[in-house]
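*Asks:* My structure is below; once you've seen it, I'll send some questions.
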Amino acid sequence: MEFDNTRQFSPDGSLQFGAPGVPAGFVPKMADISHIKRKVLDVAYDTVSPAQKLDLYFPETGEGPFPLVLHIHGGGFGMGDKRDDHMDTYLKLLDHGLAVGSIEYRLSGEAIFPAAVLDCRQAVRFVRRHAADYGIDPERIGVLGGSAGGNLAAMLGMNIPDGAFPGEEGMTFDGSCAVRFAIDQFGPIDFRHMDDQARANGVSFADHDEAASAESSYMGGALPTLSDEWLAKANPTTYISEAMAPLLVQHGCLDRLVPFAQSVNFVHAICQKLGYGRVDFVPLPTADHEDKQYGEDWNLHYLAQWIKAHL
């Protein structure tokens, strides 16, 4: 199978292939939330940046406290929005009795790693502190993300101790950022080896080492110029421990953006260190990056059942 390894975004914000680049003034296609009656929008979870806001959506019936699934959007760490059209898929989890949230975080154009990780951790702390105000169960909070959001969800799923990241030294933390479960869909995990894996599989783009790539922009420089120690700080594999939450990984075997081997190696590392039973891996044999298969009814049902089994 041959692919045209150039990419573009169509006017409606969907990823297409055939021409390079992201157009100036790119605006993502947004979800329709008009039908959701019970919601709280643009809640500030921190005060460092105007970007630090989250949305909360609640099932139409019931008073809670509800389990909460916090969605972390993708966009290569430099684009995307907490209310983009991926939420059309994940808001269907409301029908399964789950509250759904969506986190906005500082993008790489505003602040490089670890800002996005710190923001997502702060969002979890905020929701836990204010759980009673919103009818959320503070002990049943998990995260879900795709692509860049998958990396961030996996990072949170490691339940990394407070103070582990640059910028956290000496900080006082108000509440726990631990999560009950994490779902990583096609997230980039090991930035150092993405291009090698892409060249080996003959399917994915081998452009992650470029200075203008999403990963290079996120980490603060062209990946080949950065130390292994620095890149390891953004790699969830670094933090595998007994503290890790139950993890679900889904990845398409024909992913043209994030090599499938990223997830294979991540899952293998978890099993090597912690044994089997700590991670569930669902390969999608015919799926590309952000494939429509992830939003099909069978997968939404599977996600809901998996989440409920790990609450």
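We did not get these values from a lab; they are worked out from the coordinates using the rules stated. Being a predicted model, the structure only gives us computed values, none of them experimental.
*Asks:* Just the Kirkwood number for the chain, please: inverse of mean 1/r across all distinct Cα pairs, in Å, one decimal.
*Replies:* Numbers: mean 1/r = 0.0513 Å⁻¹.
Kirkwood hydrodynamic radius for the chain: 19.5 Å.
*Asks:* To continue, here is another question. Hey, can you grab everything whose amide H is under 5 Å from the amide H of H73? Only 5+ residues off in sequence or another chain; H modelled, so Pro and N-termini drop out.
*Replies:* HN-HN under 5 Å from H73: I103.
*Asks:* Taking Cα pairs under 8 Å and at least six residues apart, what relative contact order does the stretch 27-309 come out at, in percent?
*Replies:* Once divided by the residue count of the stretch 27-309, the mean separation gives 16 percent.
*Asks:* Once each part is reduced to its C-alpha centroid, what is the distance from the stretch 257-281 to the stretch 70-117 in angstrom?
*Replies:* Taking the Cα centre of the stretch 70-117 as reference, the centre of the stretch 257-281 is 23 Å away.
*Asks:* Within the chain, count lysine pairs with alpha carbon atoms under 21 angstrom apart where the residues are 8 or more positions apart or belong to different chains.
*Replies:* Lysine pairs meeting both conditions in the chain amount to 17.
*Asks:* Moving on. Explain nothing, just compute: Karplus ³J(HN,Hα) = 6.51 cos²θ - 1.76 cosθ + 1.60, θ = phi - 60°, for every residue of the stretch 92-99 in order, whole Hz, x for Gly and Pro.
*Replies:* Values per residue, Gly and Pro as x: 5, 5, 4, 5, 9, x, 9, 6 Hz.
*Asks:* Expressed as a fraction of 2.2 N^0.38 Å, the rule-of-thumb size for a compact globular protein of N residues, what is the C-alpha radius of gyration of the stretch 107-147? Kindly include the intermediate steps, with their values, before the conclusion.
*Replies:* Numbers: Rg = 12.5 Å, N = 41, 2.2 N^0.38 = 9.0 Å.
This ratio for the stretch 107-147 stands at 1.39.
*Asks:* Based on the alpha-carbon gyration tensor of the stretch 149-223 and its eigenvalue square roots a ≥ b ≥ c, which shape applies: rounded if a/c is under 1.5, prolate if not and a/b is larger than b/c, or oblate? Write down the numbers at each step before the final one.
*Replies:* Numbers: a/c = 3.66, a/b = 1.76, b/c = 2.08.
Here the stretch 149-223 falls in the oblate category.
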